[in-house]
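Step one of this worksheet: look at the structure below.
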Amino acid sequence: MEKVTLRVFRGDIHGGHMVSYEVPVQPSMVVLDAIHYIQQHIDPTLACRWNCKAAKCGSCSAEIDGKPRLMCKTRVDQFPSGVITVGPMRTFPLIKDLVTDVSWNYRVAAKIPPLQPKPEVAGKPFRMQQADVDRIQEFRKCIECFLCQDVCHILREHNRQDAFFGPRQMVRIAALDMHPMDNLNRREQLVGEAGVGMCNITKCCTEVCPEHIHITDNAIIPLKERVADDYFDPVTRILRRIGVI
Ligand code: SF4
Ligand code: F3S
Ligand code: FES
């Protein structure tokens, strides 16, 4: 393949359309390289967000051929037709071209209380079982690309930002709730404003995660189980009420 055609969304909140650009293909070229080529050689007004070009900063999220992906991790040679469509994430308000306003995610993150260490370990070094380390290590790989938030139908099609924090924030809460030294009961927030019950386990979030975090199986489903134990298991409720657990 000598050339590829990029059909790129150009526009802002007032509207927009797809514009085609012909880009010469280089060995190992990724979509972000092609976007940079357009900026350098064809139209410097094309807006995109990026930072590391190493799939680690989470900035270059876009919808490539309709699927949420990182532009810096998507090779152009995986599209044999030679035509690639590139658009902004649809779930978030558009700023310009490929750049969206993802600030809602940070506002939601600010509602999640940080780790509250148990009094006996507060301010002191503590030991953790390797199994506990392994379990939450996966969640710490999140690069905050928000591709999972983009694809989740509760946020994307149903616009329920008022009722669901989204899969990325479920990962954040899971990392805290499963930490053996965290002393905070997060279940009330989970069933309340975080809306864990809104997730109906479609697993689309897991499919698009570039860090291959098992968002649904390892974060959301265990959180749902913990909430169910607390709120719906009669034995647990009685034991908690009489202070046994
Ligand atoms: Fe991105 Fe995965 Fe983190 Fe979601 S969980 S923000 S898809 S890295
Ligand atoms: Fe949404 Fe993922 Fe649940 S895509 S519905 S948070 S499994
Ligand atoms: Fe950093 Fe793509 S530029 S993740």
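Laboratory data are not the source of any read-out in this text; all were calculated from the coordinates shown. Owing to the predicted nature of the structure, the values given are computational and were not obtained by experimental measurement. Positions of Cβ are generated from backbone atoms using ideal geometry, with glycine treated the same way; all protein chains shown enter the neighbour counts.
Bins of 10 Å, beginning at zero and ending with the bin holding the largest distance: percent of Cα pairs per bin for the chain, please. Per 10 Å bin, starting at 0, the Cα pair percentages come out as 7, 27, 29, 19, 11, 5, 1, 0. Kindly state, to the nearest 0.05, the FRET efficiency for residue 217 paired with residue 95, given R0 = 41 Å and r defined as their beta-carbon distance. In this case the efficiency is close to 0.75. For the stretch 106-141, trypsin sites (Lys or Arg not before Pro) are listed when DSSP marks them as loop and at most 13 other Cβ atoms sit within 10 Å of their Cβ; the list is 111, 127. Along the charge dipole of the chain, pointing to its positive end and built from +1/-1 on Cβ of Lys, Arg, Asp and Glu, which listed residue (184, 19, 221) has its Cα farthest out? In the chain, that residue is 184.
Taken one residue at a time, the phi angles of the stretch 198-211 give Karplus couplings (6.51, -1.76, 1.60, θ = phi - 60°) of 5, 5, 10, 6, 6, 6, 4, 4, 4, 4, 9, 5, x, 8 Hz. Gly and Pro are set to x. Taking the square roots of five times each eigenvalue of the Cα gyration tensor of the stretch 1-145, the equivalent ellipsoid has semi-axes of 38, 19, 11 Å, listed largest first.
Cross-link check: pairs 73/111; 56/124; 3/56; 141/203 evaluated at a Cα-Cα cut-off of 24 Å; pairs beyond the cut-off: 73/111; 56/124; 3/56.
Could you please report the charge total around residue 79, scoring K, R as +1 and D, E as -1 over all other residues with beta-carbon less than 15 angstrom from its beta-carbon? Combined, the nearby Lys, Arg, Asp and Glu give 0. Evaluated with a Cβ-only charge set (Lys, Arg +1; Asp, Glu -1), the chain carries a dipole of roughly 480 debye about its Cα centre, given to the nearest 20.
The spread of Cα positions in the stretch 161-245, taken along each principal axis and listed from longest to shortest, comes to 45, 27, 20 Å. The magnitude of the dipole of the stretch 1-47, with charges of +1 and -1 set on the Cβ of Lys/Arg and Asp/Glu and taken from the Cα centre, is near 80 debye.
Multiplying the residue separation of residue 128 and residue 110 by 0.36 nm and removing their Cα-Cα distance gives an extension gain of 3.8 nm.
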